[in-house]
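Structure record follows, encoded as structure tokens.
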Amino acid sequence: MKDINKTPSLLKQAMSVNRRPFPWVKAFFAGVAASLPVLIGLLFGNLEYGLIAGMGGFTFLYFFNIPHAQNAKKLFFVVIGTTLASALGTLAAPYPLAAAILMGAIGATAVFIFGALRIAGPSTIFFVLVFALTTGMPVNPELAPVRAGLVFLGAAFSYILAMSSWFFNPHGPETNVVKRVYGELAAFVDAVGTDKFHEAKSRVMSVLKEAEGTLAAAYIPWRKTDVFNRLYVCNDHANKIFLYLLENFTEDHSKLPPELGKAIRELANSLDQKDKQIRKEIPQPDEMDEKVADLFMKIKDAYAIMNEQTTSITKEIHFSKPSIRMIFAEAFDKNSIVFISAVRFGVITTIAAIIAYEFNLERSYWVPLSCVAVLSGATIVATFHRAIQRGLGTIVGILIASILLSIQPSGYIIALFILVLTFITELFIVKNYGLAALFFTPSALLMAESTSHGSFSFSSVASARIIDVLIGSAIGLLGVWLVGRRSASSRLPRLITKTIRSQGQFLLLLFSEHGARGNVEESKESKKMQINMTNLQTLYTTAAGEIPVNQKAVNEYWPVLFSIERLGYLLRNCAKVEKRPVLSEEQLAQLLYVCETMAIAAGRQQSPSIKNVPDIESFPSIQNELIRLQNSLQMNTR
């Protein structure tokens with residue numbers, strides 16, 4: 001969880017260009033996915049059908065550098081979603097009110113699913129775009145199966161194109177994240193005994209959490225590869241090294257020998273060498289006390305794992321994660337920020353569409369489309385950024401589109417324009433949304449105007465689209481300003497209470513006789529705690545992006561949330577240890593009392609009294625984190 005500070009200038013941040021590298025390969029294939037169906041349509045003598053199939057090419061834009069198993073599932077549902085959106089758009093075209101309501105429902109559904117499952121990607125924007133473009137085509141509900149079938153073919157082609165990367169690098173995302181784990185672990189070893197200790201510890205915990213999620217998403221029970229097995233064991237061993245460091249080397253410990261960090265760093269660099277063994281000798285300190293010697297042996301074990309034959313790695317693979325049903329059940333709660341955001345998105349989008357249709361604006365769907373683009377910001381601050389970027393980028397983009405349309409392109413020239421514009425869009429989307437809008441807008445306009453069979457006038461199209469964009473952006477901004485702009489920060493105390501309470505219940509299970517007899521990783525207490533922690537992280541990020549920002553949410557709650565995250569990490573890893581101490585009833589009662597006292601105080605926004613935390617044999621870091629959490633809550637209410 002990252003600390004989030006107030007941004008001094010909305011305009012300055014909206015116009016900033018980040019330093020991410022250009023995704024050349026992905027951008028090229030995105031262009032191919034959008035333009036090749038158009039070319040095929042031309043070869044069969046039907047440009048309109050090719051353009052409709054090209055809308056399915058938006059599916060490729062949901063492809064990200066995540067495990068292929070996760071991409072396969074996500075893209076499959078994107079194919080189904082875009083196909084369904086095109087069919088509904090064709091059927092609803094004669095009925096403006098129904099189209100407006102459906103547009104809001106499609107947007108709300110996509111926002112809810114992407115938010116609840118924390119799926120990376122452009123969320124709802126392209127589902128709404130496909131729906132909107134089909135409502136703007138010549139009204140003919142009988143063509144719904146044909147248009148849906150064409151979109152499906154284009155989307156299926158994008159799916160195949162995206163998943164073809166599996167043949168070249170089947171375990172790339174998993175390897176990269178485990179490599180980063182060992183890189184951050186090496187930095188943490190170097191930070192012991194320095195003022196960078198806590199910062200480095202936070203980074204290791206964050207990347208370990210990411211690695212666990214990535215490996216869980218990549219895991220296919222019926223297909224276990226040797227490479228994946230090795231990565232799983234390497235990541236599991238990194239957790240053990242990190243926990244040993246936490247238990248034995250605190251911030252006031254003297255610095256560790258530099259050879260230890262160097263050894264772990266060399267191990268990290270070897271992870272992407274596939275089946276090549278490490279032939280270098282392990283850097284070894286000249287002098288070591290007992291604890292340092294034990295740490296060195298654990299690092300040496302990691303080298304042994306890397307040098308071990310893949311076929312001999314037989315560790316049972318096990319991941320604990322909440323079911324989809326549990327996640328959606330929690331997200332449907334009336335106090336869930338995901339549910340609130342989805343409802344707000346749907347209502348505002350519907351209102352924008354109704355206004356556009358009521359005023360009989362030409363190509364009226366551009367108003368709700370602009371509104372959707374603005375609403376797609378993850379926070380209120382991001383929404384204002386999107387409005388600025390969307391406004392400036394689209395205005396220039398419309399002028400570019402008008403120039404291109406004024407030369408009345410046809411046939412292969414349209415396909416070439418779509419290829420180039422989509423390529424540049426995907427290239428710049430990682431830099432700044434406004435820059436991408438410069439080129440995405442002409443591409444969408446080319447598709448829309450080429451399938452609408454209407455006449456074209458440079459001045460009328462340019463002025464109409466600019467007015468549509470300004471109206472849609474204004475509605476989006478006004479909507480988020482009026483509806484629940486402080487809803488996230490007001491819900492923080494309640495969710496903190498809920499999360500601490502679930503941690504207390506899991507803590508009780510871990511060190512009781514019931515926990516000693518069963519698999520606590522798969523318990524409902526464990527999964528409930530994980531869901532609450534994820535929801536809390538999302539809620540805090542949203543609260544930190546409100547306007548005006550609630551400084552209490554951003555600054556004062558930060559130590560509390562950070563301590564909750566660290567405690568959750570320690571508890572999850574404790575659950576993986578087979579032999580845990582069984583505490584007495586008095587000790588368990590005291591632990592539960594400590595957690596309940598903190599939970600009540602957090603909910604009432606009061607300062608909790610400091611309670612004695614009983615010793616937990618072999619797990620002093622859990623005891624220390626509970627003490628830190630009490631202190632953080634006290635500081636928060638001063």
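The values are calculated or read from the model by the stated rules, or taken from the named source; none is laboratory data. What you are looking at is a predicted structure, and each value in this text was computed from that prediction instead of being measured. Using ideal geometry, Cβ is built from the backbone for each residue, glycine included, and neighbour counts are taken over all protein chains shown.
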Hey, any hits in the stretch 495-504 for a residue that's among the polar types (S, T, N, Q), modelled with pLDDT under 90 and crowded, with 22+ Cβ neighbours inside 10 Å?
no
For the stretch 229-251, check the following and say yes or no: at least one residue is closer than 15 Å to His171 by Cα, under 26 Å from the mean Cα position of the chain (by Cα), of a type in the set (A, V, I, L, M, F, W, C) and surrounded by fewer than 18 Cβ atoms within 10 Å (Cβ to Cβ).
no
Of all residues in the stretch 173-224, which are touching a His at 6+ places or on another chain (Cβ under 9 Å), modelled with pLDDT of 90 or more and not hydrophobic (A, V, I, L, M, F, W, C)?
Pro173
Quickly run through the stretch 65-104 and pick out the residues that are more than 15 Å from Tyr365 (Cβ to Cβ) and of a type in the set (Gly, Ala, Ser).
Ala69, Ala72, Gly81, Ala87
Taking the stretch 187-209 and keeping residues surrounded by fewer than 16 Cβ atoms within 10 Å (Cβ to Cβ) and within 22 Å of Glu266 (Cβ to Cβ) leaves Gly193, Thr194, Lys196
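Specify the residue that is surrounded by the most Cβ atoms within 10 Å (Cβ to Cβ); the eligible residues are those in the stretch 606-638 that are aliphatic (A, V, I, L, M) and at pLDDT below 90.
From the stretch 606-638, those aliphatic (A, V, I, L, M) are 610, 613, 616, 622, 626-627, 629, 633, 635; that's our starting set.
Now drop any that are not at pLDDT below 90, which leaves 610, 616, 633, 635.
Working: Ile610: 13, Ile616: 21, Leu633: 26, Met635: 12.
Across the stretch 606-638, the extreme among qualifying residues is Leu633.
State whether the residues of the stretch 474-489 include one that is modelled with pLDDT of 90 or more and either among the aromatic types (Phe, Trp, Tyr) or over 17 Å from Leu629 (Cα atoms) (or both). Can you show your working first?
Initial filter on the stretch 474-489 (modelled with pLDDT of 90 or more): none.
No - not one qualifying residue is present in the stretch 474-489.
Tell me which residues, restricted to the stretch 564-579, are of a type in the set (Lys, Arg), touching an Asp or Glu at 6+ places or on another chain (Cβ under 9 Å) and not in a helix (DSSP H, G or I).
Taking the stretch 564-579 first, the residues of a type in the set (Lys, Arg) are 566, 572, 576, 579.
Then drop every residue that is not touching an Asp or Glu at 6+ places or on another chain (Cβ under 9 Å), which leaves 566, 572, 576.
Lys576, the sole residue that qualifies.
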Flagged in the stretch 41-59 as closer than 16 Å to Arg147 by Cβ and among the small types (Gly, Ala, Ser), in numbering order, are Gly41, Gly50, Ala53, Gly54, Gly56, Gly57
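Return the total of residues in the stretch 410-448 being over 27 Å from Val25 (Cβ atoms) and assigned to a loop (DSSP other than H, G, I, E, B). Walk me through it before giving the result.
Step one: list which residues in the stretch 410-448 are over 27 Å from Val25 (Cβ atoms), which gives 410-411, 448.
In the following step, the residues that additionally are assigned to a loop (DSSP other than H, G, I, E, B) were identified as 410-411.
Result for the stretch 410-448: 2.
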All but one of (1) out of contact with any helix residue (DSSP H, G or I) (no Cβ under 6 Å at 6 or more places or on another chain); (2) buried (at least 19 other Cβ atoms within 10 Å of the Cβ); (3) free of Cβ contacts under 8 Å to residues at least 60 places away in the same chain hold for Gly41; which doesn't?
(1)
For the stretch 138-162, pairs from a residue that is surrounded by fewer than 24 Cβ atoms within 10 Å (Cβ to Cβ) to a residue that is part of a helix (DSSP H, G or I) and aromatic (Phe, Trp, Tyr), with Cβ under 6 Å and 6 or more apart or across chains, are Leu161/Phe29
Can you find a residue that is among the polar types (S, T, N, Q) and modelled with pLDDT under 90 anywhere in the stretch 236-248?
yes
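Checking the condition assigned to a helix (DSSP H, G or I) and buried (at least 17 other Cβ atoms within 10 Å of the Cβ), which residue from Ala589, Ala601 passes? Quick ask: steps written out before the conclusion?
Values: Ala589 fails: buried (at least 17 other Cβ atoms within 10 Å of the Cβ).
So the residue among Ala589, Ala601 that is assigned to a helix (DSSP H, G or I) and buried (at least 17 other Cβ atoms within 10 Å of the Cβ) is Ala601.
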Could you tell me whether the stretch 351-364 includes any residue that is closer than 23 Å to Leu482 by Cβ, modelled with pLDDT of 80 or more and among the hydroxyl-bearing types (Ser, Thr, Tyr)?
yes
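Table: residues versus (1) modelled with pLDDT of 95 or more; (2) not in a helix (DSSP H, G or I).
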| residue | (1), (2) |
| --- | --- |
| Met1 | no, yes |
| Pro8 | no, yes |
| Phe22 | no, yes |
| Gly31 | no, no |
| Gly41 | no, no |
| Ile52 | no, no |
| Phe64 | no, yes |
| Lys73 | no, no |
| Thr83 | yes, no |
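Kindly provide the set of residues from the stretch 18-66 that are β-branched (Val, Ile, Thr) and over 24 Å from Ile80 (Cβ atoms), ordered by number. Spell out the reasoning first.
Step one: of the stretch 18-66, the residues β-branched (Val, Ile, Thr) are 25, 32, 38, 40, 52, 59, 66.
Hit for the stretch 18-66 is Val25, nothing else.
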For the stretch 625-638, give me each residue that is outside any loop (DSSP other than H, G, I, E, B) and either over 22 Å from Glu556 (Cβ atoms) or among the β-branched types (Val, Ile, Thr) (or both).
Ile627
Applying the selection to the stretch 604-622, what residues are in a helix (DSSP H, G or I) and more than 21 Å from Asn573 (Cβ to Cβ)?
Arg604
Name the residues in the stretch 509-526 that are touching a Leu at 6+ places or on another chain (Cβ under 7 Å), of a type in the set (S, T, N, Q) and either over 19 Å from Glu585 (Cα atoms) or without any contact (Cβ under 8 Å) to a residue 60 or more places away in the chain (or both), would you?
Ser523
State which residue pairs qualify: first residue surrounded by fewer than 22 Cβ atoms within 10 Å (Cβ to Cβ) and inside the stretch 414-429, second residue of a type outside the set (Val, Ile, Thr) and not in a helix (DSSP H, G or I) in any location, beta carbons under 6 Å apart, and separation of 6 or more residues or different chains.
Leu427/Phe22
Name the pairs: first residue in the stretch 533-560 and closer than 18 Å to Gly603 by Cβ, second residue modelled with pLDDT under 65 and small (Gly, Ala, Ser), Cβ to Cβ under 6 Å, at least 6 apart or on different chains?
Ala543/Ala553
Does Leu129 satisfy the condition of being of a type outside the set (D, E, K, R), closer than 21 Å to Gly31 by Cβ and surrounded by 22 or more Cβ atoms within 10 Å (Cβ to Cβ)?
yes
Filtering the stretch 170-220 down to residues that are polar (S, T, N, Q), outside any loop (DSSP other than H, G, I, E, B) and more than 16 Å from Arg230 (Cβ to Cβ) yields Ser202, Ser206
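In the stretch 92-115, how many residues are within 14 Å of Val347 (Cα to Cα) and either of a type in the set (Asp, Glu) or without any contact (Cβ under 8 Å) to a residue 24 or more places away in the chain (or both)?
Within the stretch 92-115, the subset within 14 Å of Val347 (Cα to Cα) is 97-112.
Keeping just the survivors that are either of a type in the set (Asp, Glu) or without any contact (Cβ under 8 Å) to a residue 24 or more places away in the chain (or both) gives 98.
Counting residues in the stretch 92-115 that are within 14 Å of Val347 (Cα to Cα) and either of a type in the set (Asp, Glu) or without any contact (Cβ under 8 Å) to a residue 24 or more places away in the chain (or both) gives 1.
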